[in-house]
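Below: the structure, in C-alpha cells.
The values are calculated or read from the model by the stated rules, or taken from the named source; none is laboratory data. Being a predicted model, the structure only gives us computed values, none of them experimental. Here Cβ is always computed from backbone atoms with ideal geometry, including for glycine, and neighbour counts include all displayed protein chains.
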C-alpha cells in the first residue's frame, strides 16, 4: 500500500490535493456514466423499436464488457507511467464516438460496435482515474475513493431520467445524440487533468506478475462477486420492469431513484471502510446484496421491485468503495493502476459472462431462477475471497487501534 508523502496535504479544496486536481477525473466519469446509463435505460426500446432479441441485447452488453476487459488489462499500466491524463482524454473521445454509433443504430452489429466503443472508453479511463485518486492522498483514501464512486454513480442517477425525458420528447435516438453533445462539452475540463506526483513504474513491469499476489487474487474474487450482481442487474432488471408493464419514463425514474442512495452514501461508505477495514466491510455488504438479489425474483409488481432495489442500493452505497480499496491495499504505490486495471478487467469480464448467462436463464426460466442463481454464485465467490484475503496473523484490528493503513484495510 502506498505511504503518505509530504506533497499530499489535505488542507486544500476537496477536489485538489498535493497540487493534483481530482475534479476532472470526477467530472469525466460522471459524464461517461450518464451516457452509459442512457443506453442501459433504453435497452427495452432496442427490442421494441428495432426487434432485437433478448440474446442480441445481451450480446451487445457483453461486447462492451469485453472491450473494457481488454483495455483494462493492456492499457491500465500506462497510468502508472505518468499517462493518466492522456488516458482520461482518450476515454472521453471514445465515449463520444460510442454514443454517436448507438444513436445511428439500425442493425444489431451497430449496437454491438457502439457498446464496444463505450466499453473501451471505460476500460481506459477508469484505471487512470482510480490511480490518481488513490495515490493523491493515501490517508484519506476512503473519502476520495468514495467521492469518485459518488460521481460515477451520480451519472447513473441523472442519466436515466434525462434519457427518459428526451425519449418522451423526441424518440429513443434523441437521448444518445444529446448525451454525445454533453460529453463533447466536457473536453475543455478533460484537458485540465495533470499527472500525479506519486512513484511511477519505471521498470515497465507486466500486469500479469501481480497474479502471484495472494491477497490481490482474493480481492479479485470479492470484486467478481459484486459484478455478478451488476451484470445480472443490467441484463435482467430493466427488461423485467418492461415485462411487468412499466412505461419507459417509469423505468428511467425507477433507475434514478434506485441509484440515488449509492451516490449519496458512497463518500461516507469509503470513510467507514477505511476505519473498520475494507475486507470486513466489503464481505459484509456484498453478502447483504446477495440476499437482496435472491429476493428480487420473489416479489410481485413494479412497486415492490423498485422499493426492494432502493433498499439494496443503500447497502451498495456504503459498500462499493471498499472493493477498490481492498485491491489498492494489496500492491505498492507504483502498481496501483495495473492492479486497478486488472480489477476492472475482472469487473467487466464477470459482468459480461453474467449478462449473457443471466439473459439466457431469464429467457428460459424467468426472473426467480435467474436471481437465485445470481445469489448463489455471489456467495461462492465471497467465500473464496474471504479465505484468500485473510491477514497472515489472522488477528482482527479493533477500531481506534493505530495499525498501519494497509494492515487495517485487510481486516
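Just a few scattered comments:
- Filter result (within 13 Å of the chain's Cα centre (by Cα) and closer than 18 Å to residue 91 by Cα) within segment 125-162: 125, 126, 127, 129, 130, 148, 149, 151, 152, 153, 155, 156
- Only one entry of 245, 284 meets the criterion of being surrounded by fewer than 21 Cβ atoms within 10 Å (Cβ to Cβ) and either outside any helix (DSSP H, G or I) or touching a strand residue (DSSP E or B) at 6+ places or on another chain (Cβ under 8 Å) (or both), and that entry is 245.
- Per-region count, segment 367-411, residues surrounded by 14 or more Cβ atoms within 10 Å (Cβ to Cβ), modelled with pLDDT of 55 or more and assigned to a loop (DSSP other than H, G, I, E, B): 5
- Being touching a residue at least 40 places away in the same chain (Cβ under 8 Å), in contact with a helix residue (DSSP H, G or I) (Cβ under 7 Å, 6 or more places away or on another chain), outside any helix (DSSP H, G or I) and surrounded by fewer than 24 Cβ atoms within 10 Å (Cβ to Cβ) is a property that residue 305 lacks.
To keep it simple, each residue is scored yes or no on (1) farther than 30 Å from residue 55 by Cα; (2) crowded, with 23+ Cβ neighbours inside 10 Å.
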{"site": "103", "(1), (2)": "no, no"}
{"site": "107", "(1), (2)": "no, no"}
{"site": "134", "(1), (2)": "yes, yes"}
{"site": "143", "(1), (2)": "yes, no"}
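- Among the numbered conditions (1) touching a residue at least 24 places away in the same chain (Cβ under 8 Å); (2) more than 18 Å from residue 183 (Cβ to Cβ); (3) in a helix (DSSP H, G or I), the only one that residue 71 does not meet is (2).
- Matching residues in segment 79-105 - criterion: being under 20 Å from the mean Cα position of the chain (by Cα) and within 23 Å of residue 351 (Cβ to Cβ): 79, 87, 88, 90, 91, 92, 94, 95, 96, 98, 99
- Selected residue (criterion: nearest to residue 162 (Cα to Cα)) from residues of segment 35-44 that are part of a helix (DSSP H, G or I) and at pLDDT 80 or above: 38
- Selection status of residue 65, touching a residue at least 12 places away in the same chain (Cβ under 8 Å), over 28 Å from residue 130 (Cα atoms) and touching a helix residue (DSSP H, G or I) at 6+ places or on another chain (Cβ under 9 Å): no
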